[in-house]
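What follows is a short report on a single structure.
Since every read-out is calculated from the coordinates, none of them should be taken as a lab result. What you see is a predicted model, and the numbers here were worked out from it, not measured in a lab. Please note: Cβ atoms are built from the backbone with ideal geometry, for glycine as well, and neighbour counts cover all protein chains shown.
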């Protein structure tokens, strides 16, 4: 079983990509909607949430965790991954692989405020691609729009346009630095020049997950279990809308209680 987590609905875009590549795999997706959005929180709190989410997925018996939250990956890149027995797939690493393959050099990243503040995309991309120039732009208005279902409105269009306007026009690519953002793709495509590639790291995530998963021996049912720490009926409705599933297997758990202390050696 492959586990995934995000602060909210954005992780469903990663579930969708994995399901395209692995139709028979068993997936477990946890949306920590009791704490959405993550992008406005401080590093210590994010590290504790990340640790709690990994521990919960471990307890469910997942063999691999495809992280579906860029903010969590950014915190882990900066401060280290909390302990987990599962194989972890990092979205920022997946984005870097796409950039390397395409030989992009001028790259924009639109992400949450916490992801941009961590600087993880810039460090990873410059390390992966010699001579890369990276612009990281925070777009804190976008996650709440997606969580509220307000993706087709003029307000959503204008919020995406405002974020894109902070980037140079002569880029090779723009990375969705938050898994919520592919749900706003029509607005991104309208706001950016046609020659600018839009990169969804979840595409490479799915490729990497498939390479881990395909040993030819597993007998799985192809079921996705959807779990939220927020409002169950609203969550189920959004899963139906985004995933196109009727009567998805959705459930609610109580908000997790993070207990890990932010390590003193990495504080600040």
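Counting only Cα, what are the radius of gyration and maximum Cα-Cα distance Dmax of segment 1-92, in Å?
That works out to 12.3, 38 Å for Rg and Dmax.
In percent, what relative contact order does segment 49-130 have, based on Cα pairs under 8 Å that are 6 or more apart in sequence?
After rounding, I find 34 percent.
If eta is 1.002 mPa s and T is 20 °C, what Stokes-Einstein diffusion coefficient results for the chain, Kirkwood Rh from Cα pairs, in µm²/s?
Approximately 115 µm²/s, per Stokes-Einstein.
Could you rank the peptides 67-77, 176-186, 121-131 by their average count of other C-beta atoms within 10 Å per residue, with the highest value first?
The peptides rank, most packed first, as 67-77, 176-186, 121-131.
Can you tell which of 209, 141, 102 shows the greatest fluctuation in a Gaussian network model of the chain with Cα springs below 10 Å?
Ranking 209, 141, 102 by mean-square fluctuation puts 102 first.
What do you get for Rg/Rh of segment 92-201 when both radii come from the Cα atoms and Rh is the Kirkwood radius?
Result for segment 92-201 is an Rg/Rh of 0.95.
Rounded to whole Å, give me the distance from the Cα center of segment 182-214 to that of segment 100-177.
Taking the Cα centre of each part, segment 182-214 and segment 100-177 sit 12 Å apart.
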